Amino acid sequence: MECRVLSIQSHVVRGYVGNKSATFPLQVLGFEVDSINSVQFSNHTGYAHWKGQVLTAEELNVLYEGIKLNNVNHYNYILTGYTRDTSFLETVVDIVQELKRLNPKLVYVCDPVMGDQGSMYVPENILPVYRDKVVAVADILTPNQFEAELLTGRTISTEKDALDVMELLHQMGPDTVVLTSTDLTSPHGDQFLVALGSQKMVRTDGSKSTQKIRIEMPKVDAVFVGTGDLFTAMLLAWNHHHPNDLKSACEKTVSVLHHVIKRTITYANEMAGPGKRPNPAQLELRMVQSKKDIEDPDIVVEATIL
């Protein structure tokens, strides 16, 4: 059966972020992807210069209306990432609700992109929309630690805090929550980044259970853009192939990221030359070159079941 994703994210002409980061890997794994570009920029904003346009809520409605008039608004998944505008995000919620009415099995995968490391890089008035409207309709949620703290009003200092916060997020709506990055110390030392996941499941006999995992990723000393978008897209794909097995889905997701980042930093360092730090253009993800790793990743990290 054809599996179709509606992906509402940013778009860049050059490089990989938002829809550019999500579409190709999903297509490689067999998904049909319909993209709505929330912004269209020349390149990501980490460059010295960038130009472009921002899609309004009205324009989003017009595009969706066209799909609807042709009766092709039938999806298995919706995927959303970065947006700065409250009315745009509220329109996304309306679209999600309508598509869920058409297909009650539709899965909404939401990356609630708001900030990192204690600071927001979207307007603060977008938080209540995520907290009160978006999370309630999401099935899979992929915040980083800071975003999870914003959504719940709780601080994460320990692994137990993180598990409590994920439980609160479950109560707000989504059955699957993955904290894509945390400040928690890895048992393997400070060269590793800790991610945590929690998935509510219903067994065949109707009883309920929760799988909780920890996964540790080797850190790389560089700033990559678009990795979060790739993570969420791959979690959608591997969760589809491994339903009710968050451990396998996360291992494959993180392994894809590891291979893409490793290939990217190797290339960037070669381009920059000895003793020089790579620039944003050199650090663009080596996505096409990683096609085989996306399709069938060598598992390089193992998740721990908590």
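Just checking, which of L150, L168, L141 is in contact with a strand residue (DSSP E or B) (Cβ under 8 Å, 6 or more places away or on another chain), without any contact (Cβ under 8 Å) to a residue 60 or more places away in the chain and open to solvent by 10 Å² or more (accessible area, probe 1.4 Å)?
L150
Listed residues K247, K262, K208, K252; which is within 24 Å of H44 (Cα to Cα) and of a type in the set (K, R)?
Of K247, K262, K208, K252, the one residue that is within 24 Å of H44 (Cα to Cα) and of a type in the set (K, R) is K262.
How many residues does the range 88-143 hold that are in contact with a helix residue (DSSP H, G or I) (Cβ under 8 Å, 6 or more places away or on another chain), over 20 Å from Y75 (Cβ atoms) and among the charged types (D, E, K, R)?
So the answer is 2.
Of the residues I95, I78, I67, which is at pLDDT 95 or above and surrounded by fewer than 19 Cβ atoms within 10 Å (Cβ to Cβ)?
I67
Does Y64 count as of a type in the set (F, W, Y), over 24 Å from V254 (Cβ atoms) and without any contact (Cβ under 8 Å) to a residue 60 or more places away in the chain?
Here the answer is yes, as Y64 does meet what is asked.
When you check F192 against the structure, is it among the aromatic types (F, W, Y), farther than 14 Å from L306 by Cβ and open to solvent by 50 Å² or more (accessible area, probe 1.4 Å), yes or no?
Considered against the rule, which asks whether it is among the aromatic types (F, W, Y), farther than 14 Å from L306 by Cβ and open to solvent by 50 Å² or more (accessible area, probe 1.4 Å), F192 comes out as yes.
Limited to the range 216-274, what total is found for residues that are part of a loop (DSSP other than H, G, I, E, B), free of Cβ contacts under 8 Å to residues at least 24 places away in the same chain and either among the hydrophobic types (A, V, I, L, M, F, W, C) or open to solvent by 60 Å² or more (accessible area, probe 1.4 Å) (or both)?
Going through the range 216-274 one residue at a time, the tally reaches 3.
Output the residues belonging to the range 98-115 that are open to solvent by less than 10 Å² (accessible area, probe 1.4 Å) and not small (G, A, S).
Across the range 98-115, the qualifying residues are L99, L106, Y108, V109, C110, P112, M114.
The values are calculated or read from the model by the stated rules, or taken from the named source; none is laboratory data. What you see is a predicted model; the values in this text were computed from it and never measured. Here the Cβ is made from the backbone with ideal geometry for all residues, glycine too, and neighbour counts use every protein chain on show. Each accessible area value is taken on the protein alone, full model and side chains, heavy atoms only, with ligands, DNA and RNA left out. Shrake-Rupley method; radii C 1.70, N 1.55, O 1.52, S 1.80 Å.
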